[in-house]
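Asker: Provided herewith is a single structure, encoded as structure tokens, for subsequent inquiry.
What follows is calculated from the coordinates using simple rules that are stated; it is not laboratory data. Owing to the predicted nature of the structure, the values given are computational and were not obtained by experimental measurement.
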Amino acid sequence: MGDTSKDDFYVDELKSALQDWHKVHKELTKLTEERRQKGRLVRSLLSVIKLQKGESGTRDLLETKGLTITARPFLTIETLHTAGTATVVRRRRGTRQAVEPATVLEKGTRVKMLAGMYQGYSGIIASTQARQGKRGLDVTYFLALEGPRGDRKRTSVKHGALNKSWQVKNG
């Protein structure tokens, strides 16, 4: 009879714990979905502002409104500037050379291709992507180019190839 009361006690505790778990799980699922929707809304609003003001204009606006810190997880360029001085890597002859994050180029910067399939083409940086790699932050620029004969192409280049296969155009 003592074993039956122990079993009942443990089963009742298990039942209570399972009910609590399901309640918390349901709340967590609801919060996760809400967080996903809010994140999508924030990214959409930031995209609209970036289209209207550009990257630097958006940063300036967020700074004047006091939103820089709260918006930081959604801003690629902000992540680049706060990543630390030794995180952007330039590869040269097998060695790594740190690049100041402030030298990471912004969307809209004019560029010219020096070598490779698109040698002689010029254009702008259409977007920037940064990933945390094994050796630090790996920055890729996506370029919208126009050739000498007016043909348009798109390509991507690494930050480490700056001034080797491509360069920033002055003016």
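Asker: Taking the alpha-carbon distance from K30 and a cut-off under 19 Å, which aspartates and glutamates remain once sequence neighbours fewer than 8 residues away in the same chain are dropped?
Answerer: K30 reaches D20.
Asker: Reachable aspartates and glutamates from K23, Cα under 18 Å, same-chain residues fewer than 8 places away excluded?
Answerer: D12, E13, E33, E34
Asker: Check cross-link reach from K169 to the lysines: straight Cα distance under 23 Å, and skip same-chain residues fewer than eight apart.
Answerer: Within reach: K50, K53, K107, K112, K153, K158.
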